[in-house]
Amino acid sequence: MRLAARPSFAVAMALLAASCSSAPKPPPQPEDHTVTVPPNAGVYKVGQPYQVDNVWYYPREQPDYDETGIASWYGPTFYGHHTANGEMYDGNQLTAAHKTLPMPVNVRVTNLDNGKSLVVRVNDRGPYARGRIIDLSKRAAELLDVVQTGTARVRVTYLSRSDINGGPPPPETPPAIANALPAAPSAKVDTAALGIVPGAAVEAPGRTVQMPTAPIPARMFADSQPTGQVTRVPVPAVTHLYVQLGAFSKLENAKALLGKVAGDLRISTLQRGGQTLYRVRSAPLPSVQDADAALARLSGAGANDAHIVVDQ
């Protein structure tokens, strides 16, 4: 009879199932929305000549680069995309895009509207909007007060090569190679883009006038790394925008270009390195909108090398 009192195997399994069904179920695991971003694969590169919108660009080593123009900035649309040298774009980093400088290199960008100056790391190509000299990351644009206005008159000065993937920068190119120019159309051989530099000339056809622009203090170049430190530097109280078609070492070449392009153009002189250069450029323009419109007109008239510069 004791055996009859013991529950059957089937009954025991039923009781076990009932007890399990009454136990609380574990919560579902949250979905994993993590995006795996490939590690930086940045390299040092100069790049081959390339064409965008019928305009040719010639990247090269430019250790003496010192130019003025209009800066813009690019934001969230490009986050997570690879830059031209293989790195990952992050708008919170102090980086920038340039059309022809090697990558990565450090440059100093000075806002000529307020005197704020900052070191950024060039690791991308662009901007390709006509009349823009450099594209800043959002963070760099914030520190230079460019975000609200969208653009700013700037001076861009080469400082040094930058590190690669946290490691040291590659050795400097021998001067014979660094200063060598790539093959280019003959029309460009005698031209050079000019910037606002100590001793530059104001617009004055037929004569040279020294421009009272204070040089950037040497101490500013001691630290060439993008640390985020914003420095105030002296800048001209008033600057103007010009559309410059070219600069020549021979006056007859400047006159030849002047005769080919219709518009309110003139020839002005610049003393640089003990040499007189003859610039073909527009009359002074008061705003970025005016400079953009003049650039569009002159480019449409066949001045493919025209660009915007900042001067007094």
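Worth a mention:
- Residues of segment 142-152 that turn out to be closer than 14 Å to Asn92 by Cα and either assigned to a loop (DSSP other than H, G, I, E, B) or of a type in the set (Gly, Ala, Ser) (or both), as a count: 2
- Beta carbons closer than 7 Å, at least 6 apart along the sequence or on distinct chains, pair a first residue in segment 288-307 that is outside any helix (DSSP H, G or I) and open to solvent by 70 Å² or more (accessible area, probe 1.4 Å) with a second that is among the aliphatic types (A, V, I, L, M) and at pLDDT below 95 for Asn304/Val55.
- Under the condition of being open to solvent by 70 Å² or more (accessible area, probe 1.4 Å), of a type in the set (Phe, Trp, Tyr) and over 24 Å from Ile308 (Cβ atoms), the residues counted in segment 41-84 number 1.
- Candidates Ala247, Ala256, filtered to the one that is surrounded by fewer than 18 Cβ atoms within 10 Å (Cβ to Cβ), among the small types (Gly, Ala, Ser) and modelled with pLDDT of 90 or more: Ala256
Per-residue answers, yes or no, for (1) assigned to a loop (DSSP other than H, G, I, E, B); (2) crowded, with 21+ Cβ neighbours inside 10 Å; (3) modelled with pLDDT of 95 or more; (4) in contact with a helix residue (DSSP H, G or I) (Cβ under 9 Å, 6 or more places away or on another chain):
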{"residue": "Val107", "(1), (2), (3), (4)": "no, yes, yes, no"}
{"residue": "Ser117", "(1), (2), (3), (4)": "no, yes, yes, yes"}
{"residue": "Val120", "(1), (2), (3), (4)": "no, yes, yes, yes"}
{"residue": "Tyr128", "(1), (2), (3), (4)": "yes, no, no, no"}
{"residue": "Ala140", "(1), (2), (3), (4)": "no, yes, yes, no"}
{"residue": "Val154", "(1), (2), (3), (4)": "no, yes, yes, no"}
{"residue": "Pro169", "(1), (2), (3), (4)": "yes, no, no, no"}
{"residue": "Ala184", "(1), (2), (3), (4)": "yes, no, no, no"}
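- Residue within segment 144-152 that is surrounded by fewer than 24 Cβ atoms within 10 Å (Cβ to Cβ), more than 17 Å from Gly228 (Cα to Cα) and among the charged types (D, E, K, R) present: no
- Checked against the criterion of being touching a helix residue (DSSP H, G or I) at 6+ places or on another chain (Cβ under 7 Å) and either closer than 22 Å to Val156 by Cβ or modelled with pLDDT of 55 or more (or both), the candidates Asn92, Asn54, Asn40 yield just one match: Asn92.
- For segment 156-167, the set of residues classified as part of a loop (DSSP other than H, G, I, E, B), surrounded by fewer than 22 Cβ atoms within 10 Å (Cβ to Cβ) and touching a residue at least 40 places away in the same chain (Cβ under 8 Å) consists of Asp163, Asn165, listed by residue number.
- The condition (being assigned to a strand (DSSP E or B), within 27 Å of the chain's Cα centre (by Cα) and without any contact (Cβ under 8 Å) to a residue 40 or more places away in the chain) is satisfied by just one residue among Val280, Val243: Val280.
The values are calculated or read from the model by the stated rules, or taken from the named source; none is laboratory data. Just so we're clear, the structure is a prediction, and the values are computed from it rather than from any experiment. For neighbour counting, all protein chains shown are included, and Cβ atoms are generated from backbone atoms with ideal geometry for every residue, glycine included. When the accessible area is computed, the model is the full protein with side chains, heavy atoms only, and any ligands, DNA or RNA have been set aside. Shrake-Rupley method; radii C 1.70, N 1.55, O 1.52, S 1.80 Å.
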